[in-house]
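Accompanying notes for the structure given below.
Read the figures in this text as sums done on the coordinates, not as results from a lab. All figures in this text were calculated on a predicted structure; none of them were measured in a lab. Quick reminder, even Gly has a Cβ in these numbers, built from the backbone with ideal geometry, and neighbours come from all protein chains shown.
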Ligand SMILES: [Zn+2]
């Protein structure tokens with residue numbers, strides 16, 4: 001498995017391409033379609049996974065799904081974020097209303113997309129629609145876990161108590177590395193320290 005990164009149009013959000021053989025998955029959709037087409041050249045895009053609905057991560061998902069002819073996988077709660085001009089946090093008030101290409105993930109489960117096995121964990125707190133994914137021991141945490149940090153819990157549909165429960169869920173999982181929605185990647189050991197710090201912070 002090979003992972004490459006593009007930087008999104010807004011707030012330097014990371015967009016990841018996970019490649020295996022001749023196929024790939026795209027995690028989040030902040031980068032322009034034009035750049036994505038170049039980045040996945042020679043690979044078949046099996047699907048797009050959204051970590052959550054905030055516009056810096058979701059803005060180009062429909063363009064990708066139409067162009068590559070694939071589905072968008074996300075928490076079933078993402079509808080509430082994408083259709084709400086406040087909760088989506090788009091600078092220009094844009095919303096996403098077309099759900100014809102979405103496949104909603106209910107609860108925690110492992111799904112198969114092409115040859116990829118994707119462990120899906122519902123992790124609200126930063127937003128109601130946050131989902132963390134683990135593929136072959138690599139976690140894609142969106143804005144839940146950062147390298148030395150966690151996502152904001154002061155936004156619309158944020159909840160500190162839910163974030164605390166999500167951190168408790170994530171620290172029990174098996175993974176080797178974490179690729180976050182913003183910033184640098186981190187290791188399992190980095191995250192065990194990080195989660196311990198923020199569990200204390202959120203419990204105050
Ligand atoms: Zn976010």
Taking Cα atoms only, Rg over Rh for region 53-180 with Rh from the Kirkwood formula is 0.95
Determine the calculated [θ] at 222 nm for the chain from helices alone, applying -39500 (n - 2.57) to every DSSP H run no shorter than 4 residues and normalising by the residue count; nearest 500 deg cm²/dmol. -7000 deg cm²/dmol
Whole Å is fine, so just give me how far the alpha carbon centre of region 28-48 lies from that of region 81-152. 18 Å
Once you put a point 7 Å from the Cα of residue 184 and another 7 Å from the Cα of residue 109, both along the Cβ direction, what distance in nm separates them? 3.8 nm
Order of 52, 182 - criterion: other Cβ atoms within 10 Å of each residue's Cβ, fewest first: 182, 52
